[in-house]
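Presented below is the structure to which this report refers.
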Amino acid sequence: MSDNGGWADPSRQGNGHQPPPGTPPPMPPTSGYGPPGGYGKPGVIPLRPLGVGEILDGSISTMRRHPGLVFGVSAVVALVEAALSVGASTWLLSGIANVPQPGPAATGQEALDYLAQVLGKSSATLGVTLVITVLIRTLLTGFLTVVAGKAVLGKPITFGEAVRELAPRLPGLIGVTVLYTLMVVIGSLFCLIPGIWLYALFSLASPALVLEHGRVGQSLARSRRLVQGSWWRVFGILLLTGVCAAVIGFVIQIPFNLSTGVGGSTMADLASASLGAQLLSGVGQAVAQTLVAPFVAGATALLYIDQRMRKEGMDIQLARAAGTV
């Protein structure tokens with residue numbers, strides 16, 4: 001058993017160093033298909049290659065198995081994210097109302113100057129909100145990945161244990177998230193297709209880093225190897241997960257958005273809305289994220305585990321870690 005709970009990359013040993021001279025080469029991974037029915041179900045998923053429904057159901061089962069841990073941390077993170085986002089929006093957008101609007105007799109240059117100022121403040125708001133969202137959700141995703149890893153093995157975990165497991169991984173996890181986000185954004189700017197391709201290709205880097213205790217470059221390479229040859233399947237599951245999350249989040253936020261009296265979520269809407277309306281909208285976003293974020297994080301972690309069972313025979317390794325064989 002490895003020092004990281006049986007999640008080690010089979011191409012590396014220990015902390016990534018080469019084995020000493022004379023060490024026999026590692027056994028090649030099995031096909032990932034064990035005995036009929038797999039190696040049992042010690043936790044939230046059966047230890048065999050999974051179907052799409054089993055991945056989504058396993059994510060929900062993880063939430064049910066650790067409701068206090070999952071929803072408690074998710075709610076705190078969602079509230080912090082909403083508070084910071086509303087604060088940034090209120091501060092940056094408050095200046096829009098003070099920008100002199102061009103009158104009916106304004107020249108074309110005056111209209112362009114007004115538009116440039118409004119767009120500048122809106123872009124600043126979007127940038128600050130994006131940074132806050134990425135950092136906050138990175139912490140939550142890492143925490144929930146640790147919980148999902150234990151849930152697969154059917155082992156209990158406390159808040160303190162999860163934090164201690166995640167803490168050494170945080171710098172690398174932030175690095176992976178930043179690089180992944182930049183690659184997808186840059187790829188999407190040139191053409192949408194490269195951005196989508198990179199989105200799926202490196203989507204498993206975060207769970208690989210958290211569970212395998214790897215480095216940034218190693219985790220990106222691991223995701224590429226795991227997704228290679230299964231890009232369409234991985235992309236399809238990620239897309240389905242995202243659509244489900246979006247629908248759930250939209251439905252949850254409907255009553256909050258109706259209560260605010262703001263018909264949309266554009267920058268002009270936010271600029272004209274009262275602070276109370278923005279706070280109510282932020283509460284709606286927090287409630288939605290409390291339920292949606294664990295679902296997405298759990299599904300992504302289980303997709304990573306599924307790819308490892310398919311490509312590296314990790315089902316037998318997990319069965320040994322769970323004590324079922």
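The values are calculated or read from the model by the stated rules, or taken from the named source; none is laboratory data. Keep in mind it's a predicted model, so treat the numbers as computed, not measured. Glycine also receives a Cβ, built like all others from the backbone with ideal geometry; neighbour counts cover every protein chain displayed. The area values use the complete protein model at the heavy-atom level, side chains included, leaving out ligands, DNA and RNA. Shrake-Rupley method; radii C 1.70, N 1.55, O 1.52, S 1.80 Å.
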Worksheet item: Has the stretch 144-156 got at least one residue that is closer than 30 Å to His213 by Cβ and either at pLDDT below 70 or surrounded by fewer than 13 Cβ atoms within 10 Å (Cβ to Cβ) (or both)?
Response: yes
Discussion item. Looking at the stretch 54-64, can you tell me whether even one residue there is assigned to a loop (DSSP other than H, G, I, E, B) and free of Cβ contacts under 8 Å to residues at least 60 places away in the same chain?
Written reply: no
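A quick yes/no check of all residues on (1) outside any helix (DSSP H, G or I); (2) open to solvent by 50 Å² or more (accessible area, probe 1.4 Å); (3) modelled with pLDDT of 85 or more; (4) touching a Pro at 6+ places or on another chain (Cβ under 6 Å):
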site	(1), (2), (3), (4)
Gly242	no, no, yes, no
Ala245	no, no, yes, no
Ala271	no, no, no, no
Leu291	no, yes, yes, no
Gly298	no, no, yes, no
Ile305	no, no, yes, no
Arg310	no, yes, yes, yes
Asp315	no, no, yes, no
Leu318	no, no, yes, no
Discussion item. One residue is enough: does the stretch 111-119 have a residue meeting the conditions open to solvent by 20 Å² or more (accessible area, probe 1.4 Å), assigned to a helix (DSSP H, G or I), modelled with pLDDT of 70 or more and among the polar types (S, T, N, Q)?
Written reply: no
Worksheet item: Which of (1) modelled with pLDDT under 70; (2) open to solvent by less than 80 Å² (accessible area, probe 1.4 Å); (3) within 30 Å of Val163 (Cα to Cα) does Gln18 not meet, given it meets every other one?
Response: (2)
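Quick one: is Gly229 open to solvent by 60 Å² or more (accessible area, probe 1.4 Å) and of a type in the set (Gly, Ala, Ser)? Give the steps one after another, and end with the answer.
Working: open to solvent by 60 Å² or more (accessible area, probe 1.4 Å): yes; of a type in the set (Gly, Ala, Ser): yes.
It is true that Gly229 is open to solvent by 60 Å² or more (accessible area, probe 1.4 Å) and of a type in the set (Gly, Ala, Ser).
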Response to the item:
Contact list, first residue from the stretch 69-85 and closer than 21 Å to Val128 by Cβ and surrounded by fewer than 17 Cβ atoms within 10 Å (Cβ to Cβ), second anywhere and hydrophobic (A, V, I, L, M, F, W, C) and modelled with pLDDT of 80 or more, beta-carbon distance below 9 Å, six or more apart or interchain, is Val80/Ile136; Val80/Ala286; Ala83/Ala286
Discussion item. Name the single residue that is farthest from the chain's Cα centre (by Cα) among those in the stretch 158-214 being open to solvent by less than 60 Å² (accessible area, probe 1.4 Å) and of a type in the set (S, T, N, Q).
Written reply: Ser188
Worksheet item: Given the conditions (1) at pLDDT below 90; (2) in a loop (DSSP other than H, G, I, E, B); (3) open to solvent by 60 Å² or more (accessible area, probe 1.4 Å), and given that Arg48 satisfies all but one, which numbered condition is not satisfied?
Response: (1)
Item to complete: Looking at (1) open to solvent by less than 30 Å² (accessible area, probe 1.4 Å); (2) at pLDDT 70 or above, find the lone condition where Gly53 falls short.
Response: (1)
Practice prompt. Confirm whether Gly263 is within 17 Å of Thr129 (Cβ to Cβ) and modelled with pLDDT under 95.
Written response: no
Worksheet item: From Leu280, Leu302, which residue is touching a residue at least 12 places away in the same chain (Cβ under 8 Å) and more than 20 Å from Ile45 (Cα to Cα)?
Response: Leu280
